[in-house]
Amino acid sequence: MTKEENHIIKSAILMLTAALAGAIVANSVKGLSFLFNTVIIYFFTRLFSSIGVFPSFFKKGTFLIKKNQFFLILLIAIFYNSSMYTYFYSLKTISVVDASLLFNSAPLYVPFFASFWLNEKITRWVWVGMIISFIGVIFVLQPGVGLFKASALWALASGVAMAASQTCNRKVAQQVSSKTIVAYLILFSTLISAVPLFFVDWRTLWSEWLHHRPLFWLGILILAGIMSWVYQLARTLAIVKVKVAQIMPLSYAGVVFAGLLGWFFFHEVPDFLSLTGTVCVIAGSIIVIRSR
């Protein structure tokens with residue numbers, strides 16, 4: 001086995017690990033949403049995910065970056081948090097597989113952001129892939145059904161915001177290590193997600209918490225937080241030594257994992273239009289990824 005093949009296999013395992021971790025997060029959040037609002041869920045998953053990078057906070061040089069890099073990373077954090085928050089919110093009202101698919105449609109919008117911010121040209125095959133995927137998105141949103149499945153628009157927004165975050169990430173990643181970016185991202189995420197806590201009715205929340213198996217739900221919160229960290233780290237490491245086009249299509253295994261777990265835990269069975277849309281979005285996204 002050559003060194004390149006070895007890197008590809010390791011990266012594939014890491015990307016599949018990230019996909020599974022992301023699916024676990026989605027289903028954990030779905031379960032938690034029956035009891036808690038999105039503000040609480042998002043903050044505590046961010047807080048528990050920070051445990052994974054906590055040791056790196058004390059390593060010399062972790063936060064050593066230039067002023068312009070700091071503002072770029074802050075911009076990444078804003079887009080990232082907007083993406084994750086709208087994704088978590090969408091999981092309250094639509095199926096896990098639909099929310100996961102629209103969240104993972106981010107590669108479709110990256111070419112648009114890259115053309116404006118990085119002056120990259122959109123090639124013919126990228127356009128083909130985007131058109132196929134957008135047709136799939138329409139199938140998933142289902143026009144005429146509750147005005148585009150209105151709640152699904154939150155999941156769509158999460159994909160767009162994640163694309164903006166990834167585009168900014170590409171720009172700053174040329175100057176800052178991935179570990180530093182992840183450390184800053186989780187730190188900013190925890191701080192940003194803490195702001196809405198000032199508007200939470202803690203007395204009512206505490207009462208509901210005590211009457212609904214508190215230790216069980218605490219365990220689910222911790223699981224979601226740790227899996228968020230695993231998702232972020234494994235996904236970052238997966239693309240370090242291989243081309244993105246070689247390994248990124250495997251990230252869509254997360255949609256399959258999320259759907260299977262959603263079927264097992266919540267008895268969610270996607271309809272024909274959603275399945276057709278899922279196939280179109282995944283196929284189109286793979287074309288976009290491999291054409292760039």
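The values are calculated or read from the model by the stated rules, or taken from the named source; none is laboratory data. From a predicted model like this one, the values you see are computed outputs, not experimental measurements. Note: ideal-geometry Cβ built from the backbone for every residue, glycine included; neighbour counts use all protein chains shown.
Keeping to segment 11-41, report how many residues are part of a helix (DSSP H, G or I) and free of Cβ contacts under 8 Å to residues at least 24 places away in the same chain. Quick ask: steps written out before the conclusion?
Kept after step one, since they are part of a helix (DSSP H, G or I), are these residues of segment 11-41: 11-32, 38-41.
From what's left, free of Cβ contacts under 8 Å to residues at least 24 places away in the same chain: 13.
Residues in segment 11-41 being part of a helix (DSSP H, G or I) and free of Cβ contacts under 8 Å to residues at least 24 places away in the same chain: 1 in total.
Within segment 177-247, which helices (runs of 4 or more DSSP H) (wholly inside it) include 1 or more residues that are modelled with pLDDT of 85 or more and of a type in the set (Phe, Trp, Tyr)?
Working: elements: 178-194, 202-210, 214-238, 244-247.
Because the criterion is at least 1 residues that are modelled with pLDDT of 85 or more and of a type in the set (Phe, Trp, Tyr), the helices (runs of 4 or more DSSP H) in segment 177-247 that meet it are 178-194, 214-238.
Please determine, by comparing only the residues of segment 83-112 that are small (Gly, Ala, Ser) and within 15 Å of Ile132 (Cα to Cα), which one is surrounded by the most Cβ atoms within 10 Å (Cβ to Cβ).
So the first thing to find is which residues in segment 83-112 are small (Gly, Ala, Ser), and the list is 83, 90, 95, 99-100, 105-106.
Next, from what is left, pick out any that are within 15 Å of Ile132 (Cα to Cα): 105-106.
Numbers: Ser105: 28, Ala106: 22.
Top of the filtered list is Ser105.
Can you report the number of residues in segment 155-179 which are crowded, with 18+ Cβ neighbours inside 10 Å and either under 30 Å from Lys92 (Cβ atoms) or free of Cβ contacts under 8 Å to residues at least 40 places away in the same chain (or both)?
In the first step, residues of segment 155-179 are kept if they are crowded, with 18+ Cβ neighbours inside 10 Å; the result is 155-169, 172, 176.
Adding the requirement that they be either under 30 Å from Lys92 (Cβ atoms) or free of Cβ contacts under 8 Å to residues at least 40 places away in the same chain (or both) leaves 155-169.
Selection size over segment 155-179: 15.
State all residues of segment 66-87 that are assigned to a helix (DSSP H, G or I) and of a type in the set (Lys, Arg); if no residue qualifies, say none. Walk me through it before giving the result.
Of the residues in segment 66-87, the ones assigned to a helix (DSSP H, G or I) are 67-87.
Across segment 66-87, the qualifying residue is only Lys67.
Just give me the residues in segment 75-109 being under 27 Å from Phe265 (Cα atoms) and in contact with a Cys (Cβ under 7 Å, 6 or more places away or on another chain), in sequence order.
Residues satisfying the conditions do not exist here.
From the set of residues in segment 30-88 that are charged (D, E, K, R) and over 16 Å from the mean Cα position of the chain (by Cα), which is modelled with the lowest pLDDT?
Step by step, filter segment 30-88, then rank; the result is Lys60.
Looking at segment 96-143, which of its residues are of a type in the set (Gly, Ala, Ser), over 12 Å from Val281 (Cβ atoms) and within 16 Å of the chain's Cα centre (by Cα)? Before you say what the answer is, go through the steps one by one.
At the first step, the residues of segment 96-143 found to be of a type in the set (Gly, Ala, Ser) are 99-100, 105-106, 114-115, 129, 133, 136.
Right, trim to over 12 Å from Val281 (Cβ atoms) and you get 99, 114-115.
Selection gives Ala99 alone.
Identify all residues within segment 165-176 that are under 17 Å from Leu237 (Cβ atoms) and not in a loop (DSSP other than H, G, I, E, B); write none if there are none. Write out each step before concluding.
Within segment 165-176, the first condition is being under 17 Å from Leu237 (Cβ atoms), and the residues that meet it are 166, 169-170, 173, 176.
Of everything in segment 165-176, those that are under 17 Å from Leu237 (Cβ atoms) and not in a loop (DSSP other than H, G, I, E, B) turn out to be Gln166, Asn169, Arg170.
Considering only segment 3-19, state which residues are under 16 Å from the mean Cα position of the chain (by Cα) and surrounded by 20 or more Cβ atoms within 10 Å (Cβ to Cβ). Spell out how you get there, then give the answer.
Filtering segment 3-19 for residues under 16 Å from the mean Cα position of the chain (by Cα) gives 14-19.
Within segment 3-19, Leu14, Met15, Ala18, Ala19 qualify.
Just checking, how many residues over segment 248-286 are at pLDDT below 85, touching an Asp or Glu at 6+ places or on another chain (Cβ under 9 Å) and assigned to a helix (DSSP H, G or I)?
Of the residues in segment 248-286, 1 are at pLDDT below 85, touching an Asp or Glu at 6+ places or on another chain (Cβ under 9 Å) and assigned to a helix (DSSP H, G or I).
Which one of the conditions (1) polar (S, T, N, Q); (2) under 30 Å from Ser133 (Cβ atoms); (3) under 19 Å from the mean Cα position of the chain (by Cα); (4) surrounded by fewer than 22 Cβ atoms within 10 Å (Cβ to Cβ) does Ser291 fail to meet, given that it meets all the rest?
Going through (1) polar (S, T, N, Q); (2) under 30 Å from Ser133 (Cβ atoms); (3) under 19 Å from the mean Cα position of the chain (by Cα); (4) surrounded by fewer than 22 Cβ atoms within 10 Å (Cβ to Cβ) one by one, Ser291 breaks only (3).
What about Leu221, is it aliphatic (A, V, I, L, M), within 30 Å of Gln174 (Cα to Cα), in contact with a helix residue (DSSP H, G or I) (Cβ under 8 Å, 6 or more places away or on another chain) and in contact (Cβ under 8 Å) with a residue 12 or more places away in the chain?
On the way: aliphatic (A, V, I, L, M): yes; within 30 Å of Gln174 (Cα to Cα): no; in contact with a helix residue (DSSP H, G or I) (Cβ under 8 Å, 6 or more places away or on another chain): yes; in contact (Cβ under 8 Å) with a residue 12 or more places away in the chain: yes.
Here the answer is no, as Leu221 does not meet what is asked.
Looking at Leu233, Leu275, Leu261, which one is surrounded by 15 or more Cβ atoms within 10 Å (Cβ to Cβ) and free of Cβ contacts under 8 Å to residues at least 60 places away in the same chain? Spell out how you get there, then give the answer.
On the way: Leu233 fails: free of Cβ contacts under 8 Å to residues at least 60 places away in the same chain; Leu261 fails: free of Cβ contacts under 8 Å to residues at least 60 places away in the same chain.
Just a single option satisfies the conditions, and that option is Leu275.
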